[in-house]
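Asker: This is the structure I want to talk about, given as structure tokens.
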Amino acid sequence: MLVVGLLSVVNCQLSMSQTLVYLERADNLLFDQEKLPDARIVVGNVLFRHDEALMYCDSANFYEGSNSLEAFGHVKMVQGDTLTGYGDKLLYSGNTKIARLRQNVRLIHHEAVLTTDSLNYDRTNDIAYYFSGGKIVDDLNILTSRWGQYTPYNKHAAFRDSVHLVNPRFTMDTDTLLYNTETHVAQLVSPTKVLYEQETTIYSSNGLYNTKTEESQLFDRSQVIHTDGMYLTGDTIYYDKKLSYGRLYGNIEVVDSAEQVTLRGHYGEMYESGSSATARPDWGSHGFATNEALLEHWGDSLHTYMHADTLFTEEIALADTLPEDSTYRRVRAHHNVRIYREDMQGVCDSAVYLGNDSIGKMYGAPVCWNENNQVSADSIYVYFRNDEIDYAHGMGSAICIQQHDLLHYNQMSGKEIIAHVRDGDVYQVDVNGNAETVFFPVDKADNTLSGCNRTQSSFVKVFMENREVHHVLFTTATTGTMYPMDQVSDAVMHLGVFFWAEDERPRVPADVLLSVPRTPRGEKKAVSAASEEEPEQNKQSSPANGSLKVK
């Protein structure tokens with residue numbers, strides 16, 4: 001009895017929450033006891049009212065007992081002054097407050113218009129949904145899907161199955177999408193493709209996309225692809241299509257397939273060609289990466305890897321009057337630069353690569369290595385030909401060192417050094433201005449070092465074979481001394497500017513990301529050819545001019 005009593009109370013409360021559907025008017029009232037014994041049949045200018053909702057039609061079957069109706073012909077349902085529904089048929093229950101509109105259905109709410117063949121509208125929860133294909137059109141976009149739901153009170157819409165959004169500038173395709181018809185913001189919740197005028201494509205499974213401002217926040221390794229070959233990938237991407245600007249966070253990857261360059265890091269910004277987000281009209285696509293920034297040039301057979309605190313890549317017009325494709329790529333690296341190529345490795349504080357003349361410029365205590373050769377100077381320019389090193393030019397306090405063994409190094413220093421490269425190996429070194437050298441000639445008979453030869457001259461040419469010094473050409477003004485090996489001190493065997501920075505050298509591509517302390521440069525005073533620090537009996541004369549055979 002207690003259970004029955006409780007059920008009675010609940011049923012009473014439910015019935016009290018329900019209101020009656022009223023027939024406000026009709027031209028004719030009919031009854032058909034055989035076909036519709038429970039219905040009143042109303043015809044002509046029919047109007048029903050249920051709470052604040054008004055329902056118009058040509059004819060209807062009104063079931064007072066079940067507080068429901070079936071409406072036919074020119075059906076119109078009005079709720080308040082903002083929501084209007086149209087259709088050929090309406091099934092409505094006053095108890096559940098659910099309206100079922102069928103055939104040629106339109107639901108209009110402010111600027112949003114929903115059209116479908118079958119629509120259910122739950123007045124209690126203010127939710128309208130279709131399930132056999134429909135379309136929502138607002139003042140900016142057209143959205144179609146197999147299933148859709150619209151909530152008038154907050155203007156939220158949800159779409160599933162074959163979702164397609166059409167905007168004057170782009171299209172969006174996905175399986176599931178959330179959208180607001182007032183803010184025009186789409187929430188991406190499944191794999192989504194956005195295509196801009198066959199120019200830019202966005203792939204994302206998680207993000208927010210403002211279809212009015214064309215700004216987006218993309219998560220979960222989204223990707224932006226441009227037809228010029230630029231690919232942007234990151235854990236998070238802020239992308240503004242109108243400004244042609246992207247800001248990337250977390251494991252970023254920017255691929256320029258046209259230039260065959262990949263830029264990586266944990267933060268970066270990129271501008272597409274013609275971007276209005278930059279004040280440099282002479283620049284095409286450009287941007288930067290920082291926080292473990294890494295640039296890889298993978299176009300040639302020898303990949304180049306460059307790391308720096310910050311890396312910039314820029315497409316620059318050769319001249320304002322030239323056509324758009326008359327551009328070149330410039331790469332700038334700032335602070336703690338480390339470079340790896342199979343045929344060359346280098347470190348410096350800053351570097352610039354200019355694609356128009358294929359020159360890499362290194363500044364801030366630069367050091368380069370090739371096989372067992374080390375070149376350093378105040379600045380070094382590396383010249384490329386067909387993606388291969390042609391020669392390196394060191395300027396200011398320049399020194400070239402070739403390691404013979406763990407203790408002995410052939411050395412050449414001067415105001416400038418030019419190291420010529422062929423097939424990846426140094427074959428000639430030119431030393432100009434205050435040239436000083438230290439060489440360790442090898443006795444061919446027993447392959448031992450025969451002494452230490454120090455020279456001073458205005459310039460020196462060193463020729464290499466099989467990665468070893470073969471012979472040296474001196475000027476007529478050359479002075480020098482040959483020291484026997486048993487009398488060679490540390491001061492004799494090293495030039496004053498000597499330093500060996502092998503610990504800094506990247507040996508494999510991953511080494512460019514290492515943080516390695518810089519090696520102090522040599523500061524001790526050089527021993528001259530006529531130094532009084534060594535007794536005369538310990539010295540042997542060396543050629544004053546001509547050629548010195550080191551082997």
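Asker: Under 18 Å Cα to Cα from Lys242, which aspartates and glutamates show up? Leave out anything in the same chain fewer than 8 places away.
Answerer: List returned: Glu197, Glu199, Glu214, Glu215, Asp228, Glu269, Glu272.
Asker: List every residue whose amide H lies under 5 Å from the amide H of Ser59, counting only residues 5 or more places away in sequence or on a different chain, with H placed 1.01 Å from N in the peptide plane.
Answerer: Gly44, Phe72
Asker: Over 29 Å between Cα atoms: which of Lys35/Lys135; Lys76/Lys193; Lys135/Lys212 fall into that group?
Answerer: On the way: Lys35/Lys135 37 Å; Lys76/Lys193 37 Å; Lys135/Lys212 19 Å.
Over 29 Å Cα-Cα: Lys35/Lys135; Lys76/Lys193.
Asker: Rolling a 1.4 Å sphere over the protein heavy atoms, what is the accessible area per residue of segment 297-424, to the nearest Å²?
Answerer: 41 Å²
Asker: Between helix 2-17 and the chain, what is the angle of the helix's C-alpha long axis to the longest principal axis, kept within 0 to 90° and rounded to the nearest 10?
Answerer: 90 degrees
Asker: Could you point to the label whose value was computed as Cα extents along the principal axes in Å for the structure here, given (1) 101, 63, 44; (2) 139, 68, 36; (3) 68, 56, 50?
Answerer: Given (1) 101, 63, 44; (2) 139, 68, 36; (3) 68, 56, 50, the structure-derived one carries the label (2).
Asker: What distance in nm separates the simple spin-label points at His74 and Asn356, each placed 7 Å from Cα in the Cβ direction?
Answerer: Result: 7.4 nm between the two label points.
Asker: Can you compute the modelled spin-label distance between Asn45 and His266, with each label point 7 Å from Cα toward Cβ, in nm?
Answerer: Reported label-point gap for Asn45 and His266 is 7.6 nm.
Asker: Per DSSP H run of n ≥ 4, the term is -39500 (n - 2.57); total these for the chain, divide by its residue number, and report the mean residue ellipticity at 222 nm rounded to 500 deg cm²/dmol.
Answerer: My calculation for the chain gives -1000 deg cm²/dmol from helical runs alone.
Asker: Tell me the label-point distance for the pair His335, Gln403, using the 7 Å Cα-to-Cβ offset, in nm and rounded to one decimal.
Answerer: 3.0 nm
Asker: Roughly how big is the chain's charge dipole about its Cα centre, with Cβ charges of +1 (Lys, Arg) and -1 (Asp, Glu), in debye to the nearest 20?
Answerer: In debye, rounded to 20, the chain gives about 920.
Asker: Which part of segment 339-381 falls in the paramagnetic zone of Ser515, meaning amide N under 18 Å from the point 7 Å along Cα-to-beta-carbon?
Answerer: Correct set: 339, 348-350.
Asker: Roughly to the nearest percent, how much of the accessible area of the chain is carbon and sulfur, given a 1.4 Å probe?
Answerer: Carbon and sulfur atoms account for 51 percent of the accessible area of the chain.
Asker: Could you compute the FRET efficiency for Asp423 and Ser458, with r as their C-beta to C-beta distance and R0 at 35 Å, rounded to 0.05?
Answerer: For Asp423 and Ser458, the calculated efficiency is 0.70.
Asker: Right, another one. Provide the per-residue ³J(HN,Hα) series for segment 341-357, in order, calculated from phi with Karplus coefficients 6.51, -1.76, 1.60 and θ = phi - 60°, each as a whole number of Hz, with x at glycine and proline positions.
Answerer: Computed from phi, the couplings for segment 341-357 are 10, 4, 9, 6, 10, x, 9, 5, 8, 8, 8, 9, 10, 10, x, 5, 10 Hz.
Asker: May I pose another question? What accessible area per residue comes out for segment 135-272, rounded to a whole number of Å², with a 1.4 Å probe?
Answerer: Solvent-accessible surface per residue comes out at 41 Å².
Asker: So which aspartates and glutamates can Lys89 reach, going by Cα to Cα under 18 Å and dropping same-chain residues fewer than 8 places off?
Answerer: Asp58, Glu70, Asp117, Asp122
The values are calculated or read from the model by the stated rules, or taken from the named source; none is laboratory data. Remember, predicted model here, so these are calculated numbers, not experimental data. Backbone-built Cβ (ideal geometry, glycine too); neighbour counts: all protein chains shown. For accessibility, only protein heavy atoms count, side chains too; no ligands or nucleic acids. Shrake-Rupley method; radii C 1.70, N 1.55, O 1.52, S 1.80 Å.
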